[in-house]
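First comes the structure, then the notes that go with it.
The values are calculated or read from the model by the stated rules, or taken from the named source; none is laboratory data. For clarity, every value in this text was computed on a predicted model and none was experimentally measured. Note: ideal-geometry Cβ built from the backbone for every residue, glycine included; neighbour counts use all protein chains shown. Note: accessible area is taken over every heavy atom of the protein model, side chains too, but ligands, DNA and RNA are not part of it. Shrake-Rupley method; radii C 1.70, N 1.55, O 1.52, S 1.80 Å.
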Amino acid sequence: MFDFTTPEKIAAQPAPPPYDGREPKNVLRRKGQLVSNKAVPDQTMTEQDDWGAMILRVSANQDKEAFAALFRHFAPRIKGFLMKSGANAGLAEECAQDVMATLWHKAHLFDPTRASAATWVFTIARNRRIDALRKSRRPEPEDLPWGPEPEPDQHDVLELSQETARLAEALADLPKAQRDLISRAYFGELSHSEIAAETGLPLGTIKSRIRLALDRLRHKLS
Amino acid sequence: MQMPIRHHISDQLLMAYSAGQLPEAFSLVMAVHLSMCDECKARLGAFDAVGGAVMDRCDVVAMDTGSLAATLAKLDMPVKGTPSQALPHVQSSLPAPLADYIGGDLSAVKWRSLGAGVRQAILPTDNTASARLLYIPAGKAVPDHSHRGTELTLVLQGAFHDEIDRFGPGDLEISDEDINHQPIAEAGEACICLAATDAPLRFNALVPRLLQPFFRI
């Protein structure tokens, strides 16, 4: 059992590190075909900021140039993810295109203060997998009563992006066996009862990510 | 004033929900609890971020030639984003995912009697697990039963207690194999729960066991 996120325990955590004053980059950087997927840690955050900014450009301006950049980055990852999840190349290709089309149509729902671009794209890909591969439905929680802000607070965006980058780094630093187990859970290779086994998730960074999200929810509600 | 939710989704179930690995009936219970519980909503965000990191780092597979152009051409066509099997949305005072499965409020539920005032209604999910609403009159017991698989019970109205604990609105009870318990609805108000199980329940009394095939319990 990994008991690390019980709500009663979240409140007792120390405060998150203060905002360090850095502004997120909002420039569109052209990216060619990626040769390696091993991102240098201190670039991860900047890249996540950029991908989020590009989804906002798709949302605000139906920007096809930004969409093309997002496609070149995410589509091969979605395809790889779906093939790891048991789809053949043809189905994975088709579903990856569907996921990118959904990103285009639902870009107005993307909230960079609540999820990074990679997190958001993952949820679309996962839902497509349940629909297309498992032919099943996935009931979703009720939407929050508020939608994304038209002009998201840049401090909130940066803070979320930093927490998410820290979590990704902590996962990358895990011993290979643990990292593989977590990956297998998300590739759909483990049933819900098999997930009950010890996965060794990086507790500190997960708690800190949860605390941030909870602060946001409570702040919005108050 | 509403009591705070005390019994939450376990890490295992939340990770499985985030990974998309739960039977539909279990996902429904997760979605309803998440609609009522900010803590679990925040925790789900973290598990989704783990999924995002896994996908971001997984081996890339090149898209087919002309794939971007094909996708761009699709963008101007009508939305195909909604899942092919999505349920229509209905307006209700219940959490949205539950209202969608009932097709309205609790008044729209088609209850069937289980005897002694206890009623249930099976909800339409795929058969990897089953979901049902249970209505237990105040002070009455749910038929004594044990489990072969996992059973999730989410309180929607009223409260029940068993030998160990009390469960009020929003609380989720997770029972695994070998738990043999007898939940009793609290006095005052009927207790309405959403329950899901991935194995048929075994009732310990003879008559309910005979009724099992008819009621799908």
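For the range A:141-150, indicate whether the set of residues that are within 10 Å of chain B (Cβ to nearest Cβ), touching a helix residue (DSSP H, G or I) at 6+ places or on another chain (Cβ under 8 Å) and farther than 30 Å from A:Lys64 by Cα is non-empty.
Yes, some residue in the range A:141-150 is within 10 Å of chain B (Cβ to nearest Cβ), touching a helix residue (DSSP H, G or I) at 6+ places or on another chain (Cβ under 8 Å) and farther than 30 Å from A:Lys64 by Cα.
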(message) When you scan the range A:200-209, do you find a residue that is of a type in the set (Ser, Thr, Tyr) and part of a loop (DSSP other than H, G, I, E, B), even just one?
(response) no
(request) Would you check which residues across the range A:78-92 are open to solvent by 10 Å² or more (accessible area, probe 1.4 Å) and in a helix (DSSP H, G or I) and list them? (result) A:Met83, A:Lys84, A:Ala89, A:Gly90, A:Leu91
(request) Would you mind stating whether B:Ser67 is at the interface with chain A (Cβ under 7 Å from one of its Cβ atoms), of a type in the set (Ser, Thr, Tyr) and surrounded by 21 or more Cβ atoms within 10 Å (Cβ to Cβ)? (result) no
(request) Confirm whether A:Gln178 is more than 8 Å from chain B (Cβ to nearest Cβ), more than 15 Å from the chain's Cα centre (by Cα) and surrounded by 14 or more Cβ atoms within 10 Å (Cβ to Cβ). (result) yes
(request) State yes or no: is A:Arg138 in a helix (DSSP H, G or I) and under 16 Å from B:Asp48 (Cβ atoms)? (result) no
(request) Spot the failing condition for B:Arg6; the list is (1) facing another protein chain (nearest Cβ under 8 Å); (2) at pLDDT below 95, and only one is missed. (result) (1)
(request) Any chance you could count how many residues in the range A:68-113 are touching a residue at least 40 places away in the same chain (Cβ under 8 Å), of a type outside the set (A, V, I, L, M, F, W, C) and more than 7 Å from chain B (Cβ to nearest Cβ)? (result) 8
